[in-house]
Amino acid sequence: MQNHNLGTLYCYEMKKIMKRKLVWATMFVCLVGVIVAVCSGLMGNYYVDGELRDTHYHMYQVDRQYMEALSGRVVDQQLLTQMEEAYAMIPPGAERYTLTEEYQTYARPYSEIFNLVRTWTGMKMEEVKAWKADEQALYRMRQENLEKEWQDAMLTEKEKAFWREKEAQIDKPVTYLYYDGLGRCAVHMVPTIGVLMLLFVAVSLSGIFAEEHTRRTDQLILTGAKGKSTAYYAKILAGISFAALGTLVMETLTVILALSLYGAGGFEAAFQLAYAGYSYPLTVGQACLIEYGILLVTAVTGGVFVMVLSEVLHNSLATLAVCTGWIIASMMIYIPEQSRVLCQIWNWQPSNFLAVWNVFDVRMIPLFGWCLVSWQIVPVLYLLFALMAVALGIRVYRRYQVSGR
Amino acid sequence: MELVIDRLTKQYRNRIAVDRVSVKMQQGVYGLLGANGAGKTTLMRMLCGILRPTGGTVAFDGMDVSEEAYRAVLGYLPQDFGYYPEFTATDFLLYLAALKGIPRAQAKKKAAELLELVSLQESRRKKIKTFSGGMKQRLGIAQALLNDPRLLILDEPTAGLDPKERVRFRNLIERLGKDRIVLLSTHIVSDIEHIADQILMMKAGRLIYQGGWDEEMGDLEAFYLSQFAEEEGE
């Protein structure tokens, strides 16, 4: 009686991966990287003219207290006027205004709103300080600033119309909610987790197929009844689930650390508070879920790519070299936004895509009369790519010839 | 039960490793003799479906070598097989049993039986990286028998075995050959001269002798060595 034994083979493939010390060493390095990245904002001291002024941790505590005091307030005329009045207390012409007593006492509690006005309107620091608070003007200037950014991004009229419609769907005036913990997860941590995850996947999975050849166990596998079919899928399944599991561990650690250090609130905060230039009516929490979902999809796709490449190259080191080289090259090569299509495609590849400005890119993808945003279409493209790679991989796998040993 | 090898050929760029080998095998033990580089391993790999021939066909009871059904009746011990150092002997056999499509409960029973057969039952929970060369070879033999193969292909199976183990192994092969086809390659004549029903001798990719051998025909080793002498003379 013959059985497919997919489950059993899957368990053994997982066991093979888990038994590799290199995998655990890489996981350890990645987790240390996550911890350092999350905590780095709280480390170190703040010096002015060589003199210790404060610790970053204490500065953060003060700012957090002020931000939490603002949480729940609507960004309306009243709040904007309070901000304007507070900033007006700063002595004019102060060279480093943040060092003045007036800033520390009156303006600093409103610095979060000040920064919000600055990023929404595109005004410079001095312009905001001189700005006459006006709720209507704030949202109008935000719209104008977005229009300018859309123009710079070479959006088509159809895309602009789409974003205008989305911008109109955002409840205004916006309510400020304290979101720092989730905001760090959604905005700052994604590129870090992304690079660590890609390295983890490359190191962990480059041996799944290649090592069977170097270890010469391939002959035993390929002569088994299920060796040319089920064994392949078991390896792929084990690889992608391990990649996803590793990514989930990194994500979970990031979220736990960020929420415990910076606060757990703000799931319902408008995403525009954390990322000004995006008009889709999302909350910070939703944006975070989208990004972490994309990280998982990328881990799966990256895993499949690494495994298939290792089967093509029959060498885990060569696979690792290609993957690492690709990650480094993609960080160094910049395609100007003027070459819109090329730039957009280049930004879709995993080592570039995993950043808030690419996941929430305003440039859209026209498809069968629809205009899709990148976080909707790119994960689907990744999964399609993964499926194609699996199909190509099994052809290479089945055709492998044991010779010349 | 019949294994039909028809004009099987493997040609590399400027070298013919196996040259139009044709054999029909029925149940029994077939001893494949040949010097290093004669083409034994290449021939065996083609019979196992892990090396594509340049020409010719291989079929077992009408099943082509490329079919899953063929692999289901095949047991193979490669000359230089690898293992997973962190796996225990039992894990290794259960993993290979899963690859052969054997249900887990049946595989556990079979693995225990085979570990006893190759005298590794005491070491069943030890990691393979702690095994001696002979123990690994015995484990290799055990894995080849997991699916009760009707076609058993053993490439230099006695390598690494001590004299006592070699004798036990020869007896085992003799028993196995009663109800299946066993093809066993070696360059040590004593490994097969008393147990092989048929002798196949390879030289430079060709079969130079095929048939039974009995004492009346003279000394097999002397005949085998004479073939080398001819080769050296050439």
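The values are calculated or read from the model by the stated rules, or taken from the named source; none is laboratory data. What you see is a predicted model, and the numbers here were worked out from it, not measured in a lab. All Cβ positions, even for glycine, are placed from backbone atoms using ideal geometry, and neighbour counts span all protein chains on display. Side chains included, ligands, DNA and RNA excluded: accessible areas come from the protein's heavy atoms. Shrake-Rupley method; radii C 1.70, N 1.55, O 1.52, S 1.80 Å.
What to note about this one:
- Screening the range B:101-111 for residues that are among the charged types (D, E, K, R) and closer than 16 Å to A:GLY7 by Cα and picking the one that is farthest from the other protein chains (Cβ to nearest Cβ) gives B:LYS108.
- All positions within the range B:85-100 that are at pLDDT below 95 and within 8 Å of chain A (Cβ to nearest Cβ): B:GLU86
- Residues being assigned to a helix (DSSP H, G or I), in contact with a Leu (Cβ under 7 Å, 6 or more places away or on another chain) and either at pLDDT below 95 or open to solvent by 20 Å² or more (accessible area, probe 1.4 Å) (or both) are represented in the range A:326-333 by at least one member.
- Residue within the range B:154-166 that is of a type in the set (Lys, Arg), free of Cβ contacts under 8 Å to residues at least 12 places away in the same chain and open to solvent by 60 Å² or more (accessible area, probe 1.4 Å) present: yes
- For the range B:31-40, the count of residues that are outside any helix (DSSP H, G or I), more than 20 Å from A:SER229 (Cβ to Cβ), more than 19 Å from the chain's Cα centre (by Cα) and outside the structural domain of B:SER123 (by TED's automatic domain parsing) is zero.
- Only one of the numbered conditions (1) outside the structural domain of A:CYS288 (by TED's automatic domain parsing); (2) more than 27 Å from A:LEU383 (Cα to Cα); (3) not hydrophobic (A, V, I, L, M, F, W, C) is violated by A:GLU159, and that is (2).
- Every residue from the range A:224-240 that is closer than 12 Å to A:ILE17 by Cβ, open to solvent by 10 Å² or more (accessible area, probe 1.4 Å) and within 11 Å of another protein chain (Cβ to nearest Cβ): none
- Odd one out for B:SER119 among (1) in a loop (DSSP other than H, G, I, E, B); (2) more than 14 Å from chain A (Cβ to nearest Cβ); (3) of a type in the set (Gly, Ala, Ser); (4) closer than 26 Å to B:MET44 by Cα: (4)
Here is a yes/no grid of residues against (1) part of a helix (DSSP H, G or I); (2) over 22 Å from the mean Cα position of the chain (by Cα); (3) modelled with pLDDT under 95:
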site	(1), (2), (3)
A:PRO336	no, no, yes
A:ASN347	yes, no, yes
A:SER351	yes, no, yes
A:TRP375	yes, no, no
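- Picking from residues in the range A:1-46 that are within 10 Å of chain B (Cβ to nearest Cβ) and in a loop (DSSP other than H, G, I, E, B), the one that is farthest from the chain's Cα centre (by Cα) is A:MET1.
- Selection of the range B:58-84 for residues being among the hydroxyl-bearing types (Ser, Thr, Tyr), facing chain A (nearest Cβ under 8 Å) and in a loop (DSSP other than H, G, I, E, B) yields B:TYR83, B:TYR84.
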